[in-house]
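Notes follow once the structure below has been shown.
The values are calculated or read from the model by the stated rules, or taken from the named source; none is laboratory data. Note that this is a predicted model, so its numbers are computed, not measured. No Cβ is skipped: glycine too gets one built from the backbone with ideal geometry, and neighbour counts run over all protein chains shown.
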Amino acid sequence: MCEGDPARRDPGLRLSTYADREALARALAAHVAEAVRARLARDGAAALAVSGGRTPTRFFALLSEAPLEWGKVAVTLVDERWVPETSERSNAALARAHLLVGRAAAARFVPLYRGGPSPESDLADAEAAVAALSLPFAAVVLGMGDDGHTASFFPHGEGLAAAIDPGTQRLLAPVRAPAAGEPRITFTLPPLLAADAVFLHIEGAGKRRVLDAALEDGPETDMPVRAVLRHARRPPDVLWCP
Ligand SMILES: O=C1O[C@H](COP(=O)(O)O)[C@@H](O)[C@H](O)[C@H]1O
């Protein structure tokens with residue numbers, strides 16, 4: 001741990017620093033594969049939830065080559081932009097292009113976007129699809145935006161309070177926010193935090209400053225990643241590289 005590390009201010013934070021993106025992606029792929037393998041050994045089936053955005057592509061490529069019984073693994077997204085997979089904004093398209101290839105092509109993908117006009121119109125259908133997964137997740141991999149959002153928990157978003165309610169029984173929630181672009185559908189906080197292993201994958205000096213700020217006192221509605229950091233049963237593993 002280095003000088004000035006936020007872990008010094010928050011003894012519960014499990015922060016690992018890597019030299020570069022490649023080293024981080026390798027480590028994350030190994031950790032996630034280990035969590036999935038452990039669940040497969042125990043239950044014979046496992047579910048994994050990953051993030052979209054720009055950050056995870058190298059991690060996806062490395063994880064896709066992991067020697068796992070992928071045919072027994074279901075993959076879904078922690079959140080989705082309400083766009084079809086033909087859109088370059090689709091998190092599902094990203095996962096299909098970079099993760100559900102190679103060995104991992106044998107995995108079953110469960111998209112959150114269901115093709116209807118809005119997340120609200122398709123919420124019940126999407127929730128039925130994810131409720132059939134082998135929950136809790138073996139692993140959840142979260143990203144974080146420069147505004148402190150994670151999954152689709154956007155600062156002051158419409159639907160945010162319901163999505164980050166630690167007591168909600170819902171698995172999914174619709175969220176809307178100007179910064180989100182499209183309407184969103186997101187896993188709520190409880191199923192994400194119930195995972196056997198929760199990882200927060202962040203890269204770059206800017207996001208490190210955002211993490212530092214999120215570790216300070218302040219409302220979760222300003223920086224919703226705080227909900228993850230504060231309510232996790234066990235602190236999430238934060239993987240960071242400059
Ligand atoms: O919109 C989203 O953004 C976050 C962060 O994305 P990045 O491009 O900064 O890596 C991502 O974790 C989330 O899944 C996605 O929907």
How many of the residues in region 101-126 are of a type in the set (A, V, I, L, M, F, W, C) and either more than 16 Å from the ligand (Cβ to nearest atom) or at positive phi (or both)? 7
Residues (touching a residue at least 60 places away in the same chain (Cβ under 8 Å) and closer than 30 Å to residue 207 by Cα) located in region 111-129: 112, 113, 119
Listed by first then second residue, the pairs whose first member lies in region 132-154 and is closer than 19 Å to residue 56 by Cβ and without any contact (Cβ under 8 Å) to a residue 60 or more places away in the chain, whose partner is more than 7 Å from the ligand (Cβ to nearest atom) and acidic (Asp, Glu), with beta carbons under 8 Å and at least 6 positions apart or on separate chains, are none
Residue under evaluation residue 57, criteria (1) farther than 15 Å from residue 199 by Cα; (2) away from the ligand (no atom under 16 Å from the Cβ); (3) among the β-branched types (Val, Ile, Thr); (4) in contact (Cβ under 8 Å) with a residue 12 or more places away in the chain, criterion not met: (2)
Can you give me the ranges of the strands (runs of 3 or more DSSP E) entirely in region 8-110 with at least 2 residues that are among the acidic types (Asp, Glu) and surrounded by 17 or more Cβ atoms within 10 Å (Cβ to Cβ)? 79-81
Near pairs, Cβ below 6 angstrom, 6+ apart or cross-chain, from region 1-24 (within 16 Å of residue 209 (Cβ to Cβ)) to any residue that is at pLDDT 95 or above and exposed (fewer than 15 other Cβ atoms within 10 Å of the Cβ): 6/212
How many residues does region 216-233 contain that are over 26 Å from residue 127 (Cβ atoms) and surrounded by fewer than 20 Cβ atoms within 10 Å (Cβ to Cβ)? 5
Top-ranked residue in region 160-207 [being within 25 Å of residue 32 (Cα to Cα) and of a type in the set (Ser, Thr, Tyr); ranked as nearest to the ligand (Cβ to nearest atom)]: 186
Quick check on region 132-149. Is at least one of its residues over 17 Å from the mean Cα position of the chain (by Cα) and loosely packed, with under 15 Cβ neighbours inside 10 Å? yes
